[in-house]
Structure formats: structure tokens, C-alpha cells
Amino acid sequence: MSNVASQNVSLRTLLTLNSNDFKEFVCGWGAAVINVSITFPINKIIFRQILEDVPANTAFQQISREGIRLLYRGILPPLCQKTLSLSIMFSMYEGCKERLFMLTHNRILVKILAAHFAGTAEAILMPLERVQTLLQDWRYHDKFKNTSHAFKYLLSNYGITECYRGLVPIIYRNSCSNVMFFILREQSKELIGMQESLLTSFVNGALIGALTSTIFYPINVIKVHMQSKIGGNFEKFITVTREIYIARNRSILSFYKGVHLNCIRSFISWGIINASYDSLKRIMFS
């Protein structure tokens, strides 16, 4: 009888977790929509800095000259990618964490593994990030009309593998940043306790997001340079790192070109995401 009761409890637990997974997915999706709509223009300036190795004011002037019509060019891929990415990130993390707790009670190990699995799962959406890179690159403004045109070009001329150019840095970035973000986020929540509000949730996410994004910013630089190319051999992570280092006068600081604006964007972006996610979660789980 005890075994049957135990199995019934396990079944009820799994069903509850599946319901919670969907709610986590919806909360992540909603937070992403709010975030991308607000921060896309800032992200475009940062991208131009990374690609062209120019200061923020020059990148801003370039985008200003292109006009409002091209300001939100390329927003569809990040909108799709971010909404799905954050949905997967939060739902996978919470789902994996709850299930891993059934196997071990080592809280730190569970959080690290759950964050790693969530980050790796996000890499499935990499083709959207790949096309976003091409659409934001001024060298391809006349080559690609929109998102679907870019996808058709890559698939018809190079195949599905070309959509996954730059996969390694994305896995590195997602896995490492997720581990840091979730561990710091939960530690800070424990410190704040019942005093958490919309403001504290924003500040909490903003500070952690800005720190995490700044630490792993060089990986993003390498990723952009990998994905700005079409065709040819798939270069190794270390090879591209060496090329950038040599091309930029052997300066480590060159890998942080645009980091100041990126820090501001991440501060705003992750503050919005964290506050929106927590607010939606309170509504969904009330």
C-alpha cells in the first residue's frame, strides 16, 4: 500500500510540475515581449559598435542617417528568439530544478545543472540569432529584404548547418551566464525575503543582468564575428579569438568595445525582464 501511495504522490507531483512549467513558459514569454520592444534600438547601436569597432556616438550617427524605417529592421528574429528563449530559460530551469531535487538534495549542484540544461536548450533557437546578425549588418542591407528572405537564402544555398554558425560561443555564453544569473538571483531573493517589490525586483535583475552580461561580453564579440560571415569553413572558437586579438592591435580591451552601452542595455533589459517575470508569475500562480 505504501508503494502505491508513493507512486500516486510522484504522479501528482509530476502533473503539478507540468502545469507549473507552462505557467513559467508564459511568464518568460511575456517578460521577453516587453523587454525587446523597449531595448531593441539600444541593442542595435551596440551591435554596430561590435561589428565596426566604432564609438557609441558614431554608431548612433550611422543608424540615425539610415532613418526610422530601418531602425527596427531585424526585430522579428530577436522578438521570436527572445520570447522563446526566455520562456525556455525560465521554464526549463524551474522544471529541471524541481525534478533534480527528487534525485539529490545538493542545492548548489541542482541549480548549476538546471541552469546549464536551460542554457543549452536555448541554443536550439540559434538560427534566429544568426539571421538577426545578418540583418543588422549594414553590408547585407541590399542583400536581404527581411527575415524570411535571409532564411531562404541560407537554407537554399548553404543548408541548415549555416544557420548554426557560431554555435559553440552561444553554448558557452548561455550556460555560464545562466548559472551565474540564477544563483545570484535566488541568493538575492533570500536576502530580500518578504520585502520584495516591483522596484526591488527591477534593481535585483538589473544589477545581476548587467554584471553577468559584462563578464561574458567578449564571448558575444566572438559570436558576432563568427556569424557575420556567410559560407566557407566553420572557424573554431580559439581561431576567431586569435584573429580578433591580432586585428585589434593585440589588445584585450578591444574585446570590450561597446561594453559600456551593453552594460546600460543589460541593466535596463534584465531589470525589465526580472520585474515583468516576477509580476506575471505572481498573477499566474496566485
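The values are calculated or read from the model by the stated rules, or taken from the named source; none is laboratory data. Just so it is clear, the structure is predicted and the values come from calculations on it, not from any experiment. Heads up, the Cβs are rebuilt from the backbone with ideal geometry, glycines too, and the neighbour counts pull from every protein chain shown. We work out accessible area using only protein heavy atoms, side chains counted, and drop any ligands, DNA or RNA first. Shrake-Rupley method; radii C 1.70, N 1.55, O 1.52, S 1.80 Å.
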Sorted largest first, the Cα spans of the stretch 132-198 on the principal axes come out in Å as 54, 26, 18
The local net charge around LEU79, scoring Lys/Arg +1 and Asp/Glu -1 for residues other than LEU79 whose Cβ lies under 14 Å from its Cβ, equals +2
Calculated from DSSP H runs of 4 or more alone, at -39500 (n - 2.57) each and per residue, what is the 222 nm mean residue ellipticity of the chain, nearest 500?
-26000 deg cm²/dmol
How would you order 118-124, 211-217 from highest to lowest mean count of nearby Cβ atoms within 10 Å?
118-124, 211-217
With springs connecting C-alpha atoms under 10 Å apart, model the chain as a Gaussian network and identify which of GLN49, GLN81, GLN62 has the largest mean-square fluctuation.
GLN62
GNM of the chain, Cα pairs under 10 angstrom: of LYS23, LYS223, LYS143, the biggest fluctuation goes to LYS143
Computed over the stretch 33-95, the distribution of all Cα-Cα distances in 5 Å bins, rounded to whole %, is 4, 17, 22, 19, 16, 10, 6, 4, 2, 0
Scattering curve values for the chain, log₁₀ I(q)/I(0), Debye with Cα scatterers, q = 0.07, 0.13, 0.17 Å⁻¹
-0.29, -0.93, -1.48
From the Cα trace of the stretch 148-260, what convex hull volume per residue do you get, rounded to a whole Å³?
142
The percentage of the accessible area of the stretch 174-286 (probe 1.4 Å, all protein chains present) made up of carbon and sulfur atoms, to the nearest whole number, is 67
Please give the helix 76-100 orientation as an angle from the longest Cα principal axis of the chain, in degrees from 0 to 90, rounded to the nearest 10.
30
In degrees, nearest 10, the alpha-carbon axis of helix 167-192 is tilted away from the dominant principal axis of the alpha carbons of the chain by 50
Relative packing of 228-235, 72-79, 269-276, 146-153, which averages over residues the other C-beta atoms within 10 Å, highest first
269-276, 72-79, 146-153, 228-235
